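Participant: Next up is a structure, given as structure tokens.
What follows draws every value from the coordinates through simple rules; no lab data is involved. Here the structure is a predicted model, which means the values were calculated and not measured. Here Cβ is always computed from backbone atoms with ideal geometry, including for glycine, and neighbour counts include all displayed protein chains.
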């Protein structure tokens, strides 16, 4: 069995709702049904109804709940839409064997059942539905199939008799019959190839590229849906779409970067191993010096996996959204709205760069509601700026609330207005929707 055939069962799961009618029940599933301890794992939610389209230049996002046998109280993590209008959302959680369950870190033990829950409140009849998916934490040296078989099949959307759920073939049939467009189908495949949910053999794009999907590929989809042809025969059509240039995989040998991305699991495992070595250092200040750069690297990794990023000149800003740790909006008993913003800034340039905020009046960061700019009430910029060496990163916090003077303003909240966090540095600007509620 070739590599494509082995991992193809996940293909349409990640695109099912992007391919289906807009009024449907969402789907949630773990990228792997067997998860290694001390590793990151992705969780996908498919629900086209959650593609709100309120901000045409930004992807939507919301929270889901994850928990395990060891950590039954669990935590909430954010899932972010992979494109502006895709309806496919991705979140990431770190499965740890020690420490505390917090942020995107879920403490679990080998053999634990992992759960992820999405509450779909966009059903056409106004009702809600709780959708749960399960996976297991791998026990080293043991075959996990027996434990997987004990899980309710309804909690394992990637499981079926032949590895391909029956409703996946329904989607293929809809495409073959014209129920969904070629663009929707091809976009879904491209996303999943880039996410490495499905892997294709690297191949050069043919000089005779096509602008239309060949009729035989659609026919194959219909026959596959009917059970007339095998998975492998249908996959031949997918490979043809790649070779003809209709599906971009970024695997053309002439386009592959000389710098290969690091494997996520290997990278975090290596960092954790280094951190464990630091913990053995007896002298306190030496132990702290050892741990500091490693913890910084792990923080950056966590941001990159779970936050939205905004490229502004030489700086990339990572933000996890209101509701994540350090990002909070509430109204005090006296009626004063309080907004706290925590971001991570990374210098991706070869030059030393600084981000600047000297005083409420002279600050490159504020909040805007379409009519009025609100200046900060508190911030943690040292001496009015944060200097970043090439490749360096740093979290920063800004609070909006009471007027502290010095050119400041009192933060006000009007539910009828849209609020944006604005960046206005000399090297570039951005306006990030806050979605305050």
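Participant: Order these by the 10 Å Cβ neighbour count, fewest first: 330, 29.
Facilitator: Ranking 330, 29 by Cβ neighbours within 10 Å, fewest first, gives 330, 29.
Participant: Counting other beta carbons within 10 Å of each residue's own, what order do 128, 358, 70 fall into, fewest first?
Facilitator: Result, fewest neighbours first: 128, 358, 70.
Participant: Evaluate 2.2 N^0.38 Å with N set to the residue count of segment 315-433, then give the Cα radius of gyration divided by it.
Facilitator: 1.05
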